[in-house]
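To start, the structure itself, in structure tokens.
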4 protein chains.
Amino acid sequence: MPAFETRQKIMFQHCDPAGIVFYPRYVEMFNAVVERWFEQGLELSFAELVMERGKGVPTAHLEVAFKAPSRLGEVLDLSLVVTKLGASSVTCAIEARCGDEMRIGGTVTLVHIDGARMKSEPWPGDLRTKIENYLI
Amino acid sequence: MPAFETRQKIMFQHCDPAGIVFYPRYVEMFNAVVERWFEQGLELSFAELVMERGKGVPTAHLEVAFKAPSRLGEVLDLSLVVTKLGASSVTCAIEARCGDEMRIGGTVTLVHIDGARMKSEPWPGDLRTKIENYLI
Amino acid sequence: MPAFETRQKIMFQHCDPAGIVFYPRYVEMFNAVVERWFEQGLELSFAELVMERGKGVPTAHLEVAFKAPSRLGEVLDLSLVVTKLGASSVTCAIEARCGDEMRIGGTVTLVHIDGARMKSEPWPGDLRTKIENYLI
Amino acid sequence: MPAFETRQKIMFQHCDPAGIVFYPRYVEMFNAVVERWFEQGLELSFAELVMERGKGVPTAHLEVAFKAPSRLGEVLDLSLVVTKLGASSVTCAIEARCGDEMRIGGTVTLVHIDGARMKSEPWPGDLRTKIENYLI
């Protein structure tokens, strides 16, 4: 099972006047899942990637289906798998569940770039090998 | 010309360590475009919709293509049109441009719900008529 | 030692174009420290307090000294103690350190209110007793 | 009358499950007031200050009193005056009112720094002269 898994508790800062997660906060959570995956799964922190190596992985495409609302105090189980790996891009499918209930599911496509030139750049070989471990 | 149009300046709070808009902030902007459209275009503010009428318009689906980065101090021209109108849902296409350059384009699908029951509910007739003005 | 302690990693979403934590995000972290303290230290989650009991603890006063910047990837050690406990209010001193370096220090004063009336209300006795455990 | 004045509408993204502005969002608004003051009042945008000149104005100290809650749809009138001008620092008093009611009042102390060295640096003479126009 190649998924990267992490958890996120729904806090006050995530919730809107309807008492449920405000959907842009979910997108922030998606980004946090990717960030933790880089650090814990790919062993390359964003701090090292962005600040030391001068690279970046901006999001090129995002798609999210919001299936059921999430409430203050709930804990989401988030999982990430790679569905497509290009020369300088990667598409990840991310799901959030609470217990047995699917809450949100979506995909994010990231592009590996050189930060100074803001141009796409092929994945370095060692990073690419690690990403392949999560490819389904 | 059926589009609802508004502007958003890129501020410090929107930008990430790469000096460009952090993409979850774009999603917050999308929500703000919808919120202004309701108030200015449909003449029904979120305050009235959510607080007084006890309804809501949670997002069921979101898709965004990020075409080019936006930087601190730039002004985005945002436009919204309706691409699909269902019994209790609406799909809006939103674009953000800076001058002639397309920066982001996407769709959001909202569902009209009763806030207490958290169940979808058909659009009231007068609101539906106003939404149709933006249908392409 | 009566302090409540928790940790927060500095993530991409916290950082500004200067590559350091954008200070309103620190204030969000302060709120998260209080929220975790209620749940883990006082055994009363915000979900129970706000949603089930219909109460709230809005912030009445905030003071923060930002002593040194924090960067992407760093881990902050946050501590909270109670410096003043009133009939329906509490003042907490919160500090954030990274290793030996003090990064921020401040105080937040919360007021216990009834959510429907938006009026202050004395702490319930059992909650007050638990808060006293953190009083210095 | 030396105050810099601006307005902010309370939007969905500012509000918490209690239906009022979540206080860290007020701090974000404070920062936006300072940012608009630099651009419109001091004629030096953050984009120019940070990106072109390589300087910054991080916040060294913040104090805010939250006097009354603000709700979705309300419009806040924000004003800023300078209460203290140091060699490389400035303290601004910021107030937010809704109609006649004071909602929040506070101070922020900013320090002018060189971004690369992260060290304080005296205000340039022309900028200092403009800041003095707002000194009370």
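The values are calculated or read from the model by the stated rules, or taken from the named source; none is laboratory data. Note that the structure is a prediction, hence the values are computed from the model and not measured. Heads up, the Cβs are rebuilt from the backbone with ideal geometry, glycines too, and the neighbour counts pull from every protein chain shown.
For the reader, a short list of remarks on this structure follows.
- Conditions (1) out of contact with any helix residue (DSSP H, G or I) (no Cβ under 8 Å at 6 or more places or on another chain); (2) more than 10 Å from chain D (Cβ to nearest Cβ): number failed by residue B:58: (1)
- The residues of the stretch A:94-136 that are among the hydrophobic types (A, V, I, L, M, F, W, C) and either buried (at least 18 other Cβ atoms within 10 Å of the Cβ) or assigned to a helix (DSSP H, G or I) (or both), listed by number, are A:94, A:96, A:104, A:108, A:110, A:111, A:113, A:123, A:127, A:131.
- Within the stretch B:78-93, the set of residues being surrounded by fewer than 17 Cβ atoms within 10 Å (Cβ to Cβ) and touching a helix residue (DSSP H, G or I) at 6+ places or on another chain (Cβ under 8 Å) comprises B:85 only.
- Test: residue A:117 is of a type in the set (Lys, Arg), within 14 Å of chain C (Cβ to nearest Cβ) and over 18 Å from the mean Cα position of the chain (by Cα): no
- Test for residue D:96: is it of a type outside the set (Asp, Glu) and either touching a residue at least 60 places away in the same chain (Cβ under 8 Å) or within 14 Å of chain B (Cβ to nearest Cβ) (or both): yes
- Within the stretch A:83-93, the set of residues being in a strand (DSSP E or B) and of a type in the set (A, V, I, L, M) comprises A:85, A:90, A:93.
- Candidates C:3, C:65, filtered to the one that is surrounded by fewer than 19 Cβ atoms within 10 Å (Cβ to Cβ), modelled with pLDDT of 95 or more, within 19 Å of residue D:58 (Cβ to Cβ) and in contact with a strand residue (DSSP E or B) (Cβ under 7 Å, 6 or more places away or on another chain): C:65
- For the stretch A:22-42, the candidate set comprises residues that are among the aliphatic types (A, V, I, L, M) and facing chain B (nearest Cβ under 10 Å); within that set, the residue that is nearest to residue A:112 (Cα to Cα) is A:32.
- Here the stretch D:40-82 is the region considered, the condition is being of a type in the set (D, E, K, R) and part of a strand (DSSP E or B), and the residue that is nearest to residue D:106 (Cα to Cα) is D:63.
- The single residue among D:43, D:121, D:48, D:63 that is under 30 Å from residue D:12 (Cα atoms) and of a type in the set (D, E, K, R) turns out to be D:63.
- Among the numbered conditions (1) buried (at least 17 other Cβ atoms within 10 Å of the Cβ); (2) free of Cβ contacts under 8 Å to residues at least 40 places away in the same chain; (3) within 17 Å of the chain's Cα centre (by Cα); (4) within 14 Å of chain D (Cβ to nearest Cβ), the only one that residue B:16 does not meet is (3).
- Subset tally (residues that are under 17 Å from residue B:61 (Cβ atoms) and among the small types (Gly, Ala, Ser)) for the stretch B:79-104: 5
- Options D:30, D:46; residue that is crowded, with 22+ Cβ neighbours inside 10 Å, under 17 Å from the mean Cα position of the chain (by Cα) and touching a residue at least 40 places away in the same chain (Cβ under 8 Å): D:30
- Residue in the stretch D:28-42 that is closer than 22 Å to residue A:17 by Cβ, in contact with a strand residue (DSSP E or B) (Cβ under 8 Å, 6 or more places away or on another chain) and polar (S, T, N, Q) present: no
- Flag if residue B:45 is within 13 Å of chain D (Cβ to nearest Cβ), of a type in the set (Ser, Thr, Tyr) and in contact with a Gly (Cβ under 6 Å, 6 or more places away or on another chain): yes
- Failed condition for residue C:79, given (1) free of Cβ contacts under 8 Å to residues at least 12 places away in the same chain; (2) farther than 26 Å from residue A:16 by Cβ; (3) of a type in the set (S, T, N, Q): (1)
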